[in-house]
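Before any comments, here is the structure.
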Amino acid sequence: MKTEIDSFSGYRIYPSKGRLFVRGDNKIFRFATSKNESLFLQRKNPRKIAWTQVYRRMHKKGITEEVAKKRSRRTVKHQRGIVGADLAAIAARRNQSAAARAQARTAAIQKAKAEKKAKEEKKDKSKAPRAPVSTAPRVSKQQMKGGKGGR
């Protein structure tokens with residue numbers, strides 16, 4: 001049994017089925033259904049019609065034999081310095097023992113406290129006594145001029 005191929009859709013045409021169209025330049029076109037023939041005569045592009053074989057081949061549809069998994073790129077981690085510290089300082093801090101880190105922290109806290117205390121003492125010394133504040137009732141400018149207002 002010899003089957004033909006549809007010129008538009010790419011489907012098989014079995015014997016005694018389909019239609020034959022011969023163009024003016026003697027080129028032969030075979031169609032499985034009148035739908036295929038109609039679309040061909042309307043000059044539709046089979047690559048843009050989703051159910052045709054040409055479209056399916058172009059858009060890689062229905063290929064089950066070759067299930068090639070897409071390779072994903074592995075992320076590569078890089079060590080970089082931060083604004084406050086370069087890479088060497090970060091590595092040194094990471095390799096430091098926990099005891100040494102705790103000791104450094106307590107030393108830094110003590111230093112900060114001492115600086116704060118010195119600053120407060122300096123502030124207390126520089127503080128000069130102010131002029132005594134009067135306890136007389138406050139009078140606005142308008143009241144001084146004789147106008148009404150105030151409290």
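The values are calculated or read from the model by the stated rules, or taken from the named source; none is laboratory data. As the structure is a computational prediction, the values presented were derived from the model and not from experiment. Because the Cβ atoms are built from the backbone with ideal geometry, glycine has one as well, and the counts that use them run over all protein chains shown.
Restricting to the range 21-30, name every residue that is part of a strand (DSSP E or B) and more than 14 Å from Thr3 (Cβ to Cβ).
If the condition is that a residue be part of a strand (DSSP E or B) and more than 14 Å from Thr3 (Cβ to Cβ), then Phe21, Val22, Ile28, Phe29 are the ones that fit.
Scan the range 41-56 for residues that are within 13 Å of Tyr11 (Cβ to Cβ) and not in a loop (DSSP other than H, G, I, E, B) and report the count.
Qualifying residue count, the range 41-56: 5.
Could you tell me which of the residues Arg101, Arg74 is over 30 Å from Lys48 (Cβ atoms) and part of a loop (DSSP other than H, G, I, E, B)?
After applying the criteria, what remains is Arg74.
Condition test on Thr33, is it out of contact with any Ser or Thr (no Cβ under 7 Å at 6 or more places or on another chain), of a type outside the set (D, E, K, R), closer than 15 Å to Ser9 by Cβ and surrounded by 10 or more Cβ atoms within 10 Å (Cβ to Cβ)?
Considered against the rule, which asks whether it is out of contact with any Ser or Thr (no Cβ under 7 Å at 6 or more places or on another chain), of a type outside the set (D, E, K, R), closer than 15 Å to Ser9 by Cβ and surrounded by 10 or more Cβ atoms within 10 Å (Cβ to Cβ), Thr33 comes out as yes.
Residues Lys148, Lys111, Lys127: which one is out of contact with any Asp or Glu (no Cβ under 9 Å at 6 or more places or on another chain), at negative phi and modelled with pLDDT of 85 or more?
Lys111
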